[in-house]
Amino acid sequence: MSSFQRFGVWADWNNPYLTLDPKYEAAQIEVFGEMALKGHIYRGRKPVHWSPSSRTALAEAELEYPEGHVSRSIYALFRMVSTPSSKESLLEEFFPDICLAIWTTTPWTVPANAAVAVNAKLQYAVVEAKSLSEDVHLSAGNKKKRLGNIVTEPKMPFFIVASNLVPTLEAKWGIKLIVKKTLSGSDLENCRYIHPINNMECPVVIGGDYITTESGTGLVHTAPGHGQEDYVTGLKYGLPIYSPVDDDGKFTEEAGQFNGLDVLGDGNAAVVKYLDETLSIIMEESYEHKYPYDWRTKKPTIFRATEQWFASVEGFRQAAMDAIGHVKWIPAQAQNRISSMTSSRSDWCISRQRTWGLPIPVFYHVTSREPLMNKETIDHIKSIIAQKGSDAWWYMTVEDLLPEEYCDTASEYEKGTDTMDVWFDSGSSWAAVLGERDCLNFPADLYLEGTDQHRGWFQSSLLTSIATKGKAPYSSVITHGFVLDEKGLKMSKSLGNVVDPHTIIEGGKNQKEAPGYGADIMRLWVSSVDYTGDVMIGPQILRQISDVYRKLRGTLRYLLGNLHDWKVENAVSYQELPMIDRHALFQLENVVKNIREGYENYQFFKIFQIIQRFVNVDLSNFYFDIAKDRLYVGGTTSFTRRSCQTVLAEHLLSLSRVIAPILPHLAEDVWQNLPFQYTIKDGSIAGFVFESKWPSVNEKWLTFPAEEVDFWGKVLELRTEVNKVLEIARTGKLIGSSLEAKVYLHVSDASLASRLLEMCSANNDADALHRIFLTSQVEVVPSLDHELVQNISHTGEYVVEDDRVWIGVSRADGSKCERCWNYSPQVGSFTEHPTLCGRCFNVVGIQPTPAMAAAIS
């Protein structure tokens, strides 16, 4: 199976010291080149997430949104100066004292403001600030809120805000707002206002559905160089893409008086201070919200327009969406997640400004800055990297890196310094691995990663593969959750709740508090959880898993111990097996079949549940419990013992093989202690469990008649009910052990009664009803009016499929056999062994004396 994890095959793609095989790097350069030649990659100036702390652009997948981020938000006023000639009378009565009220959580972007956007569908109101509420001065002293200087002016200008927000803003600002006029958003289009910092005229534009009345004022400060939605609106209106911020996150000379100030620090404060001094702030307020941070440096990022390389998905978005439908997603809802993310995917910034990583193979003309990248240059660079690795890009000269036909003009070019986004890097890993290893095929059978990779590796792999190959790079994708502690909390060193897998396996410094469980316990825990969601682990959970492991190990030891003298030639044919043994093989085959389906569908927790139930209920509580009598009491060569051993051998071989993928050490331990050799189909002996192959389907075992399956289901239910009445008799001091009891049954269903009656006098001891109940005798009574029934004090009854079943318990007939502890009227009737029952007398009678046994051997 060609399946792999992003961090499994190549360690960590985000490790700056990671060195790949040169041929893998060349394969990734080929993917980049092919996408570029098809027109899917271009260079442009667009706003991207930028990390001042790392001095590089970031993809969405490289961001995190920690709790507790607080921004310095402002409600600001931009003074209007005109309306379109067609709408001169619209606001004429309010000029020159009318302003647009905006709200922003990034005051540092105001110097880059190019427009104010409104929603054409919303209603807006011109309001007059009539008076201050009594508590306005108190709010001015609030550390989280501060009213602007304009609020203290004798007369404030008229504001334009969304009509629906008037009551909210009135309460927030502590100002009485009187609606003087209402108008639609479309009425405001092309009105003009004065920029509050550079005094340039700017337009009011129509934005998109991102403008709502959920927060703010309903008017959006628009800086196309600092926001994706602003950028789209700016393209529509031909607004300037202005971003006066450098790579370090500081204002440039274009920002005038703010030059050199950190936009996330003193620069932000300086903008707020200037706006307030020029009477442009109504209120400043601390605002807690989700804000993007660089996941490496843990520092906040900014959104700024820079020259970058982008991958456009427009040309193959539909092909990607179609391919998603042909992939098997586990769990199934993962398909909806990646579909929504892919359908809304904007152009992808694939260049990074780092000193490590795979270089973008492009040259720039020294004068014109035009990029040089074509098939000849890409093929040449690919061949160099395939031989020398990607470091060659950094230490070789431009003349050596360019194809021969460019040698004469090499001095006119310089090589680029951008590297590929790690998500493009890892997203083209299918080409590096599947395309370079002869033993693997494209597409991969399986991709495996966490739920966050629907916007990361899964998606980048899909897009690069669709763009170049026209199909998804994987047939199936498994998404897993994340590991939490026992209380469901995220693991953190500061909380001291990190669970180290090495400590689980080897143990901690204090072996009493942190015992070493071994690798198998770790693997068993993995199989026990539903990995499609977040999972929990901790000391108590590991102790529970250890108990399950010990129970399974004990079951396998039981099987090995009872097969110590068994040989393959001792096996009893299926046709000769008692019905209880055939039923046991039917159950075993269904368990193997269901476990196989679990593996095929990667539902390991179902395998865990199946094995646990099978071992505890079907084997330990039923079959093994009943089998002890014929294994330990019957003669070593008796038919019932050999038939039981035949079944036990099949269970041992099947269980050890089906648990091997999860518990390889336990399975191999069992295999090395098999009391017999296992021969596979080609005639060779399987010396190791993984040489034995998966258990083949035994159709004969599955042909166990449906009516027999139904009957044995009723027997199991009946046994449970009988045990309840036996417990009543035990509590009443009638019996101690269940072997001291005789069970009476009356069944209203004649067919079931007849079948149970047959089992009371079964031809073989294994199918005898009293052996299944672990009692000394069972009697089926024809009627509850029988005199015997009237004298039974410990009784019970239940209903099975509308048929009433009555159960009674009395002391067993006869005396106790000192060998098997069963009660029998035959005890005392054998002169040679007066303390034995008939069965034990026959077994003891045919056993050789110690002297004879020695002579035979």
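The values are calculated or read from the model by the stated rules, or taken from the named source; none is laboratory data. None of these values were measured; they are calculated from a predicted model. Ideal geometry is used to build each Cβ from the backbone, glycine not excepted, and the neighbour counts take in all protein chains shown. In case anyone asks, the SASA skips ligands and DNA or RNA and just uses the protein heavy atoms, side chains included. Shrake-Rupley method; radii C 1.70, N 1.55, O 1.52, S 1.80 Å.
One residue stands out in region 374-427 among those that are under 39 Å from the mean Cα position of the chain (by Cα) and in a loop (DSSP other than H, G, I, E, B): the one that is modelled with the lowest pLDDT, namely Asp421. Looking at Ser684, Ser643, Ser656, Ser638, just one residue is of a type outside the set (Phe, Trp, Tyr) and within 40 Å of the chain's Cα centre (by Cα), and that residue is Ser656.
Among the residues that make up region 265-274, is at least one of them among the basic types (Lys, Arg) and over 29 Å from Trp348 (Cα atoms)?
Here is the first cut: in region 265-274, the residues among the basic types (Lys, Arg) are 273.
When the remaining residues are screened for being over 29 Å from Trp348 (Cα atoms), the result is 273.
Yes: region 265-274 contains one or more residues that are among the basic types (Lys, Arg) and over 29 Å from Trp348 (Cα atoms).
Could you tell me whether any residue of region 304-318 is open to solvent by 30 Å² or more (accessible area, probe 1.4 Å), among the charged types (D, E, K, R) and assigned to a helix (DSSP H, G or I)? Checked region 304-318: at least one residue is open to solvent by 30 Å² or more (accessible area, probe 1.4 Å), among the charged types (D, E, K, R) and assigned to a helix (DSSP H, G or I). Screening Ala120 against (1) among the aliphatic types (A, V, I, L, M); (2) open to solvent by less than 70 Å² (accessible area, probe 1.4 Å); (3) modelled with pLDDT under 95; (4) not in a loop (DSSP other than H, G, I, E, B) leaves a single unmet condition, (4). Taking Gly732, is it loosely packed, with under 13 Cβ neighbours inside 10 Å and more than 29 Å from Ala584 (Cα to Cα)? So Gly732 fits the description; yes. The lone criterion from (1) open to solvent by 10 Å² or more (accessible area, probe 1.4 Å); (2) part of a strand (DSSP E or B); (3) of a type outside the set (Ser, Thr, Tyr) left unmet by Glu170 is number (2). Across region 519-543, the qualifying residues are those that are among the small types (Gly, Ala, Ser) and open to solvent by 20 Å² or more (accessible area, probe 1.4 Å), and the one among them that is modelled with the lowest pLDDT is Gly533.
Looking at region 331-364, which of the residues that are part of a strand (DSSP E or B) and buried (at least 20 other Cβ atoms within 10 Å of the Cβ) is nearest to the chain's Cα centre (by Cα)?
Here is the first cut: in region 331-364, the residues part of a strand (DSSP E or B) are 348-349, 351-352, 359, 363-364.
Right, trim to buried (at least 20 other Cβ atoms within 10 Å of the Cβ) and you get 348-349, 351-352, 359, 363.
Numbers: Trp348: 25, Cys349: 27, Ser351: 29, Arg352: 29, Pro359: 32, Phe363: 42 Å.
By that ranking, first place goes to Trp348.
Within region 240-295, the set of residues being surrounded by fewer than 19 Cβ atoms within 10 Å (Cβ to Cβ) and of a type in the set (S, T, N, Q) comprises Thr252, Gln257, Asn259, Thr278, Ser286.
Out of the residues in region 676-720 that are farther than 30 Å from Glu797 by Cα and basic (Lys, Arg), state the one that is surrounded by the fewest Cβ atoms within 10 Å (Cβ to Cβ). That would be Lys681.
I'm trying to understand the selection: among the residues of region 442-452, which are open to solvent by less than 10 Å² (accessible area, probe 1.4 Å) and under 14 Å from the mean Cα position of the chain (by Cα)?
Kept after step one, since they are open to solvent by less than 10 Å² (accessible area, probe 1.4 Å), are these residues of region 442-452: 444, 447, 450.
Matches in region 442-452: Tyr447, Gly450.
Is one or more of the residues making up region 552-566 of a type outside the set (Lys, Arg), open to solvent by 60 Å² or more (accessible area, probe 1.4 Å) and more than 17 Å from Phe605 (Cβ to Cβ)? Taking every residue of region 552-566 in turn, at least one turns out to be of a type outside the set (Lys, Arg), open to solvent by 60 Å² or more (accessible area, probe 1.4 Å) and more than 17 Å from Phe605 (Cβ to Cβ). All of Leu745, Leu739, Leu757 fail the test of being in a helix (DSSP H, G or I), touching a residue at least 24 places away in the same chain (Cβ under 8 Å) and either out of contact with any strand residue (DSSP E or B) (no Cβ under 9 Å at 6 or more places or on another chain) or of a type outside the set (D, E, K, R) (or both), apart from Leu739. Only residues that are in contact with a Phe, Trp or Tyr (Cβ under 6 Å, 6 or more places away or on another chain) and open to solvent by 60 Å² or more (accessible area, probe 1.4 Å) were counted in region 43-63, giving 1.
Considering (1) of a type outside the set (D, E, K, R); (2) open to solvent by 10 Å² or more (accessible area, probe 1.4 Å); (3) under 32 Å from the mean Cα position of the chain (by Cα), the lone condition that Trp103 does not fulfil carries the number (3). Among residues of region 307-322 that are in the same structural domain as Asp347 (by the TED database), those with a beta-carbon under 6 Å from a residue that is of a type in the set (Phe, Trp, Tyr) and open to solvent by less than 20 Å² (accessible area, probe 1.4 Å) at least six positions away or on a different chain give the pairs Ala311/Trp348. In region 182-202, of all residues being within 22 Å of Gln123 (Cα to Cα) and either among the acidic types (Asp, Glu) or in contact with an Asp or Glu (Cβ under 8 Å, 6 or more places away or on another chain) (or both), the one that is surrounded by the fewest Cβ atoms within 10 Å (Cβ to Cβ) corresponds to Arg192. Name the pairs: first residue in region 102-124 and outside the structural domain of Thr233 (by the TED database), second residue of a type in the set (A, V, I, L, M, F, W, C) and modelled with pLDDT of 95 or more, Cβ to Cβ under 8 Å, at least 6 apart or on different chains? Close Cβ pairs satisfying both conditions: none exist.
Can you tell me which residue within region 781-837, out of those that are under 22 Å from Arg771 (Cβ atoms), among the hydroxyl-bearing types (Ser, Thr, Tyr) and in a loop (DSSP other than H, G, I, E, B), is least open to solvent (accessible area, probe 1.4 Å)? My answer is Thr835.
Checking Asn268, Asn199 one by one, the residue that is in a loop (DSSP other than H, G, I, E, B) and either touching a strand residue (DSSP E or B) at 6+ places or on another chain (Cβ under 7 Å) or modelled with pLDDT under 95 (or both) is Asn199 and no other.
Specify which of the listed residues (Ala467, Ala514) is in contact with a His (Cβ under 7 Å, 6 or more places away or on another chain) and more than 30 Å from Gly598 (Cβ to Cβ).
Numbers: Ala514 fails: in contact with a His (Cβ under 7 Å, 6 or more places away or on another chain).
After ruling out the rest, the residue left standing is Ala467.
Taking residues in region 661-678 that are more than 17 Å from Val592 (Cβ to Cβ), and partners anywhere that are open to solvent by 40 Å² or more (accessible area, probe 1.4 Å), the pairs with Cβ atoms closer than 7 Å and at least 6 places apart or on different chains are Leu666/Arg553; Glu668/Phe688; Pro675/His564; Phe676/Lys567; Phe676/Val568; Gln677/Ile685. So, restricting to strands (runs of 3 or more DSSP E) that lie completely within region 29-90, which ones have at least 2 residues that are over 27 Å from Asp246 (Cα atoms)? Counting at least 2 such residues, we get 70-82. In region 725-749, the qualifying residues are those that are within 15 Å of Arg804 (Cα to Cα) and hydroxyl-bearing (Ser, Thr, Tyr), and the one that is nearest to the chain's Cα centre (by Cα) is Ser748.
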